[in-house]
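Data block below; observations after.
The values are calculated or read from the model by the stated rules, or taken from the named source; none is laboratory data. Here the structure is a predicted model, which means the values were calculated and not measured. Note that we place each Cβ from the backbone using ideal geometry, even for glycine, and neighbour counts take in every protein chain shown.
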Amino acid sequence: MTCCVIGGGGFIGRHLVERLLATGRDVRVFGRRSQRPACLSPQVSYFSCGYGGNEIVATALGDVDEVIDLAYATVPKTSFDDPVQDIETNLPRTVSLLRLLVTKESIRKLVIVSSGGTVYGPAMEVPITEDHPTNPISPYGITKLTVEKYALMYHRLYDLPTTIVRPSNAFGEGQLPNRGQGFIATAMDAIVKGKTVTVFGGDQIARDYIHVADVADGIIAVLQRGRVGTCYNIGSGTGRTTNEVLSAISVLAEQTGRTVIVEQRPVRIFDVAANILSATRIETETGWRSRIGFSDGLARAWRWFIGCPDVGDSLR
């Protein structure tokens with residue numbers, strides 16, 4: 001199998017690519033960077049391109065069997081700052097990719113990586129199943145959901161073998177801080193550097209945190225055994241408030257003699273109160289299970305951060 005990972009140089013992508021290589025696949029990575037990311041294995045072919053509809057993409061996709069699309073150019077906060085940019089930098093790229101893929105007879109599976117944390121909106125009940133209404137309250141979530149709808153439209157109208165995955169809050173080794181996503185990475189980075197950890201809605205916000213290795217394994221499980229035309233959550237089913245997460249990080253920090261400085265702020269308008277995902281469908285249909293507990297995953301991430309104090313530059 002030859003698998004193309006669009007956005008494979010990012011946080012989830014790097015972990016995913018390593019696991020794909022371990023299955024014996026040939027892996028190609030598409031990225032925006034002009035230079036090949038240093039973190040990629042030499043076994044990986046890297047293509048620098050704008051993803052959709054150009055000659056580089058068409059050539060690189062010529063004989064691939066599988067495509068996983070992780071690429072996304074914005075985060076919830078930036079989508080609020082400029083909703084038009086959120087649309088223009090994400091939606092045309094994906095639609096162009098879908099139009100190209102329907103012409104490729106070799107494609108046996110396309111996996112679109114969406115966002116379980118934003119497409120559902122306010123939870124009517126938790127844990128949230130894939131059948132929960134989708135009423136996102138951020139431009140980011142609306143655009144993510146629109147990408148899903150386009151991908152499923154191309155499946156229904158043109159038989160493009162598309163499957164959607166909706167991961168919850170991924171964390172772990174290699175996550176860059178201060179990107180508008182990833183509270184754990186941003187908090188650890190601030191603590192290591194002796195800076196203030198800013199917490200929004202500390203006891204009012206509950207999220208489902210899952211280690212990035214489990215997310216990568218879930219994507220591969222769906223790639224190999226998931227049904228086309230179907231959406232799959234990837235989550236732990238357990239919610240933790242932001243203050244609970246910070247308390248767990250503080251224990252690790254104190255063990256290494258570090259002080260945690262905290263600034264509490266109100267809930268932001270685009271933060272839903274609870275986002276906790278049911279993983280029953282992916283477990284039942286693919287056999288996937290979350291294998292890395294929260295405490296173990298947090299300890300792994302902390303060890304990585306204290307070993308890489310300059311993480312803002314270490315993975316560029």
>> Kindly evaluate ARG281 against the criterion of being within 15 Å of MET188 (Cβ to Cβ), surrounded by 13 or more Cβ atoms within 10 Å (Cβ to Cβ) and touching a residue at least 12 places away in the same chain (Cβ under 8 Å).
In response: no
>> Of everything in the stretch 1-38, what is surrounded by 15 or more Cβ atoms within 10 Å (Cβ to Cβ) and part of a loop (DSSP other than H, G, I, E, B)? Give them in sequence order.
In response: MET1, GLY7, GLY8, GLY9, GLY10, ARG25, ARG36, PRO37
> Can you name the residue in the stretch 172-217 that is surrounded by 18 or more Cβ atoms within 10 Å (Cβ to Cβ) and of a type in the set (D, E, K, R) and is also farthest from PHE80 (Cα to Cα) among such residues?
Replying inline: ASP217
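Limited to the stretch 95-141, what total is found for residues that are among the β-branched types (Val, Ile, Thr) and farther than 21 Å from ARG227 by Cβ?
Of the stretch 95-141, the ones among the β-branched types (Val, Ile, Thr) are 95, 102-103, 107, 111-113, 118-119, 126, 128-129, 134, 137.
Next, from what is left, pick out any that are farther than 21 Å from ARG227 by Cβ: 95, 103, 118, 126, 137.
Total satisfying the criteria: 5.
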> Mind checking which pairs have a first residue in the stretch 152-172 that is over 15 Å from LEU101 (Cβ atoms) and at pLDDT 95 or above and a second that is of a type in the set (Asp, Glu) and not in a helix (DSSP H, G or I), Cβ under 7 Å, 6 or more apart or different chains?
Replying inline: SER168/ASP208; ASN169/ASP208
>> Being more than 17 Å from MET1 (Cα to Cα), part of a loop (DSSP other than H, G, I, E, B) and either within 22 Å of the chain's Cα centre (by Cα) or at pLDDT 90 or above (or both) is the filter here; which residues of the stretch 41-80 pass it?
In response: SER41, PRO42, CYS49, GLY50, TYR51, GLY52, LEU70, ALA71, TYR72, ALA73, THR74, VAL75
>> Which pairs turn up if I take residues in the stretch 236-255 that are closer than 17 Å to ARG300 by Cβ and look for partners that are buried (at least 18 other Cβ atoms within 10 Å of the Cβ) and polar (S, T, N, Q) with beta carbon separation below 6 Å, at least 6 apart in sequence or on another chain?
In response: SER236/SER290
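Residue by residue, here is whether (1) in contact with a His (Cβ under 8 Å, 6 or more places away or on another chain); (2) surrounded by fewer than 16 Cβ atoms within 10 Å (Cβ to Cβ); (3) farther than 24 Å from GLN175 by Cα holds:
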position	(1), (2), (3)
ILE68	no, no, no
PRO83	no, no, yes
SER96	no, no, yes
THR103	no, yes, yes
>> Every residue in the stretch 284-302 that is free of Cβ contacts under 8 Å to residues at least 24 places away in the same chain and either more than 20 Å from GLY239 (Cα to Cα) or surrounded by 17 or more Cβ atoms within 10 Å (Cβ to Cβ) (or both), please.
In response: THR284
> How many residues, within the stretch 167-206, are out of contact with any Leu (no Cβ under 7 Å at 6 or more places or on another chain), assigned to a strand (DSSP E or B) and farther than 20 Å from ILE292 by Cα?
Replying inline: 3
> Which of the residues that make up the stretch 213-255 are under 24 Å from ASP189 (Cβ atoms), hydroxyl-bearing (Ser, Thr, Tyr), touching a strand residue (DSSP E or B) at 6+ places or on another chain (Cβ under 8 Å) and outside any loop (DSSP other than H, G, I, E, B)?
Replying inline: THR241, THR242
> Is it the case that the stretch 116-139 has a residue that's under 20 Å from GLY31 (Cβ atoms) and in contact with a His (Cβ under 9 Å, 6 or more places away or on another chain)?
Replying inline: no
